[in-house]
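Participant: Got a structure for you, written out below as structure tokens; questions coming shortly.
The values are calculated or read from the model by the stated rules, or taken from the named source; none is laboratory data. In this text the structure is predicted, and so the values were computed from the model without any measurement. Cβ atoms come from the backbone with ideal geometry, glycine included; neighbour counts cover every protein chain shown.
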Amino acid sequence: MTQLFTNLRLLDPEAGTLAPGAILVRDGVIAEVFDSAPEGQASDSQVVDCGGHTLAPGIVDIGVKVCEPGERHKESYRSAGLAAAAGGVTTMVTRPDTDPAIDSPETLEFVTRRANEAAPVNVVPMAALTKGRAGREMTEIGFLMDAGAAAFTDCDRVVTDTKVFSRALTYARSLGALVIAHPQDPGLSKGAAVTSGKFASLRGLPAVSPMAERMGLDRDIALIEMTGARYHADQITTARALPALERAKRNGLDITAGVGIHHLTLNALDVADYRTFFKVKPPLRDEDDRLAVAEAVASGLIDIICSMHTPQDEESKRLPFEEAASGAVGLETLLPAAMRLVHAEVMDLPTLWRALSLNPAKRLGLSGGRIAVGAPADLVLFNPDAPFVLDRATLRSKSRNTPFDGMRMQGKVMATYVAGSCVYEAN
Amino acid sequence: MSFAHRHLLGIEQLSQSDITTLLDLADTYAERNRQPNKHSDALRGLTQINMFFENSTRTQASFEIAGKRLGADVMNMAMQASSIKKGETLIDTAMTLNAMHPDLLVVRHPQSGAVDLLAQKVNCAVLNAGDGRHEHPTQALLDALTIRRAKGRLHRLSIAICGDIAHSRVARSNILLLGKMENRIRLVGPPTLMPSQIDQFGVEVFDDMKKGLEGVDVVMMLRLQKERMDGGFIPSEREYYHRYGLDAEKLAHASPDAIVMHPGPMNRGVEIDGTLADDINRSVIQDQVEMGVAVRMAAMDLLARNHVAAQPSVA
């Protein structure tokens, strides 16, 4: 079957272009890319009129939490998959911080089976780096890779024992496995609910210095230098960590960095009167940090933007701030929230799309993220300017803990395609 | 007289004139409390529930006496021993109590922001009797009333707050209140017990106590929690007393007529010398306790007027 997507603006993050064009998809794969609507295509191709909207490679979201196994009432593969499709996310790279953790080939196989049955988008699982994410013994990295693990991470838990971490990095390197870590000094950040500063002092909340992130990154960089491992920092959220990252890249270490969308669009003051939907990990930072980190995405120093989708039910959020669970859902709001960076002229659309789609795909060795012949037709059609007010009741996630409830946003997904099939269409 | 607030959650929400209104009314209650007949009918027919999720003897007694003198039906709930232990959430507890139609809810909770959260879920007036390290507004108000009565004014005074600022809700509320009333505030204590970026609150910070007390009109001591003395924040109790305990020698650096305050309960020989605490010429610690009842009567009276005015009349 062939499909001709036409009447559109084509966003190509690899070429850095946004221009009118058309693409021909054959059997779920991009077969041809045109500068303009081609004349006289084969009559058997189905024509998809894109209504002048922007067509881009689908978002590849690293670090999505789906709460299977363990807390399916918070998010299932079905609900997360529907949310992803509605958000233009064609590949969810899922986290292993479930209960129990995904730390054995058996649990990974369970997850893969569930994902394939239930989710309309691609699901690429990650596995834990250490058993039970306890930071003591490494997991069966080789078997887990054979079972399809795209990367290894203990998520927000830091492997505090540097001996354990260095061995895991060394072993991972021998297999070419990517290790994703959460750079944070565990001592300084223990018990913290917000970033230290005037606001934290006024609210009387336990706080962590932003320096804890740099300390964590410095330690990890030393270990990468020592072991030569492939490393990705899940979230770099402070200005102080950026020079170390820049130096490590310049020195040729195999390091990349990501940032969650909430740290790019919100700051510490948004917590206001103890609003727990704004409690994330690491905590929201000062505006200076937010701006510096957004600039770092624009310059390419920070490679990847992700949603850090973390579903939490009402019960775990309707608590005093310190006791409330961390995390926010983001699959459906990633695109409009990220569009704020374009509308605020921090970066252009192709640059944003490198961070949302091309770079994560490249880092994980996935074939998506490109508008190129032979690439899968994982596509999102969107209107970058369409305004709306977010109503969290409309979210498809089982958990609706979004900080953007009631906020004005711009950027609307019109349709999402995975391997050429439409998995979402706005009505 | 206007006091347009539904709850008393913190000093942060109060204006200068709100504070003056409250203190003026409290002054009249302070006088009445010295009469043989202390009773008033301001809260007659109203129900006041004291919910203390954290141990308290003094504050709870003060609120109870205040409510009873105003004619309210007062009930104390020791929340530590109750359903919270059975796993009920704060909000469920609040909703349950709310269904019993209390008019005033006095709440103390170990978590910052917990009283704000509770106030969002109930229909009655909520008074914060201390939430975590956040605020303790009635303490700041009673301190203000004590200062105003002792010094004759509550502005352009130099006031030192000494000790464990970081963990103290009393310090936060006092910094806010005394700042709003345009006083010079000095914070004195070891840097490990100072909140981050506290200098941005319009205060001067000192780690040398003698310099910090130089010429001040008011010395406000804070209680040092026992669990902070084990080497985590300060090396030891005796080193703390040596450097930051208030004694006659350190007090000599303050203005000759400086008053000494302490929110209680005191650790004699840790943050304050026992003799000094009992010196009726310098210490106003007993006045603070007395003013506590008056301030709480005033706060509950004002909130109850707003609460009753907002109720649909049944007549």
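Participant: Which of the residues that make up segment A:278-313 are part of a loop (DSSP other than H, G, I, E, B), surrounded by fewer than 22 Cβ atoms within 10 Å (Cβ to Cβ) and either over 17 Å from the mean Cα position of the chain (by Cα) or within 14 Å of chain B (Cβ to nearest Cβ) (or both)?
Facilitator: A:Asp286, A:Asp313
Quick grid of which residues meet (1) closer than 29 Å to B:Ile175 by Cα; (2) modelled with pLDDT of 95 or more; (3) under 21 Å from the mean Cα position of the chain (by Cα):
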site: B:Phe52; (1), (2), (3): yes, no, yes
site: B:Asp92; (1), (2), (3): no, no, no
site: B:Pro110; (1), (2), (3): yes, no, yes
site: B:Gly113; (1), (2), (3): yes, yes, yes
site: B:Leu127; (1), (2), (3): yes, yes, yes
site: B:Leu141; (1), (2), (3): yes, yes, yes
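Participant: For segment A:331-353, name all the residues that are within 16 Å of A:Val297 (Cβ to Cβ), surrounded by 23 or more Cβ atoms within 10 Å (Cβ to Cβ) and touching an Asp or Glu at 6+ places or on another chain (Cβ under 9 Å).
Facilitator: Scanning segment A:331-353 gives A:Leu334, A:Trp353.
Participant: Being crowded, with 20+ Cβ neighbours inside 10 Å and either touching a Cys at 6+ places or on another chain (Cβ under 8 Å) or among the hydroxyl-bearing types (Ser, Thr, Tyr) (or both) is true for just one of A:Ser357, A:Ser367, A:Ser316, A:Ser326. Which residue is that?
Facilitator: Unique residue meeting the criteria: A:Ser357.
Participant: In segment A:188-207, how many residues are charged (D, E, K, R) and at the interface with chain B (Cβ under 9 Å from one of its Cβ atoms)?
Facilitator: Looking only at that region, the number is 2.
Participant: Can I ask one more? When segment A:52-81 is examined, which residues are found to be more than 25 Å from A:Ala386 (Cα to Cα) and of a type in the set (D, E, K, R)?
Facilitator: A:Lys65, A:Glu68, A:Glu71, A:Arg72, A:Lys74, A:Glu75, A:Arg78, listed by residue number.
Participant: For segment A:227-235, state whether one or more residues are surrounded by 22 or more Cβ atoms within 10 Å (Cβ to Cβ), at pLDDT 95 or above and in a helix (DSSP H, G or I).
Facilitator: Scanning segment A:227-235, I find no residue that is surrounded by 22 or more Cβ atoms within 10 Å (Cβ to Cβ), at pLDDT 95 or above and in a helix (DSSP H, G or I), so the answer is no.
Participant: Let me ask another. From the list A:Ala393, A:Ala377, which one is more than 14 Å from chain B (Cβ to nearest Cβ), surrounded by fewer than 21 Cβ atoms within 10 Å (Cβ to Cβ) and among the small types (Gly, Ala, Ser)?
Facilitator: Only one candidate qualifies: A:Ala393.
Participant: Within segment B:185-212, track down each residue that is closer than 27 Å to B:Leu22 by Cα, away from chain A (no Cβ under 12 Å) and surrounded by fewer than 17 Cβ atoms within 10 Å (Cβ to Cβ).
Facilitator: Residues satisfying the conditions do not exist here.
Participant: In the list A:Pro38, A:Pro96, which residue meets the criterion of being of a type outside the set (Asp, Glu) and surrounded by fewer than 20 Cβ atoms within 10 Å (Cβ to Cβ)?
Facilitator: It is A:Pro38.
Participant: I need a count of the residues in segment A:256-275 that are within 14 Å of chain B (Cβ to nearest Cβ) and in a helix (DSSP H, G or I).
Facilitator: 3
Participant: Which of (1) under 18 Å from A:Val418 (Cα atoms); (2) modelled with pLDDT under 95; (3) touching an Asp or Glu at 6+ places or on another chain (Cβ under 9 Å) does A:Ile23 not meet, given it meets every other one?
Facilitator: Against the list (1) under 18 Å from A:Val418 (Cα atoms); (2) modelled with pLDDT under 95; (3) touching an Asp or Glu at 6+ places or on another chain (Cβ under 9 Å), A:Ile23 comes up short only on (2).
Participant: Same structure again: Based on what the data block shows, is A:Gly216 surrounded by fewer than 21 Cβ atoms within 10 Å (Cβ to Cβ) and modelled with pLDDT of 95 or more?
Facilitator: The answer is no for A:Gly216.
Participant: May I ask you to list the residues in segment A:397-425 that are closer than 24 Å to A:Leu341 by Cα and not in a strand (DSSP E or B)?
Facilitator: A:Arg400, A:Asn401, A:Thr402, A:Pro403, A:Phe404, A:Asp405, A:Gly406, A:Met407, listed by residue number.
Participant: Can you tell me which of (1) under 26 Å from B:Gly245 (Cα atoms); (2) β-branched (Val, Ile, Thr); (3) out of contact with any Lys or Arg (no Cβ under 7 Å at 6 or more places or on another chain); (4) more than 10 Å from chain A (Cβ to nearest Cβ) is the one B:Val126 doesn't meet?
Facilitator: Unmet for B:Val126, out of (1) under 26 Å from B:Gly245 (Cα atoms); (2) β-branched (Val, Ile, Thr); (3) out of contact with any Lys or Arg (no Cβ under 7 Å at 6 or more places or on another chain); (4) more than 10 Å from chain A (Cβ to nearest Cβ): (1).
Participant: Right, next: Looking at segment A:72-126, which of its residues are among the polar types (S, T, N, Q) and touching a residue at least 60 places away in the same chain (Cβ under 8 Å)?
Facilitator: A:Ser76, A:Ser79, A:Thr90, A:Thr91, A:Asn122
Participant: Considering only segment B:39-123, give the helices (runs of 4 or more DSSP H) lying wholly within it that have at least 2 residues that are away from chain A (no Cβ under 12 Å) and crowded, with 24+ Cβ neighbours inside 10 Å.
Facilitator: Per the criteria, B:58-69.
Participant: Within segment A:41-150, considering only helices (runs of 4 or more DSSP H) that don't extend past its boundaries, which have at least 3 residues that are not hydrophobic (A, V, I, L, M, F, W, C)?
Facilitator: So the answer is A:77-86, A:105-118.
Participant: For segment A:323-339, state whether one or more residues are assigned to a loop (DSSP other than H, G, I, E, B), among the β-branched types (Val, Ile, Thr), over 17 Å from A:Ser196 (Cβ atoms) and modelled with pLDDT of 95 or more.
Facilitator: Yes: one or more hits.
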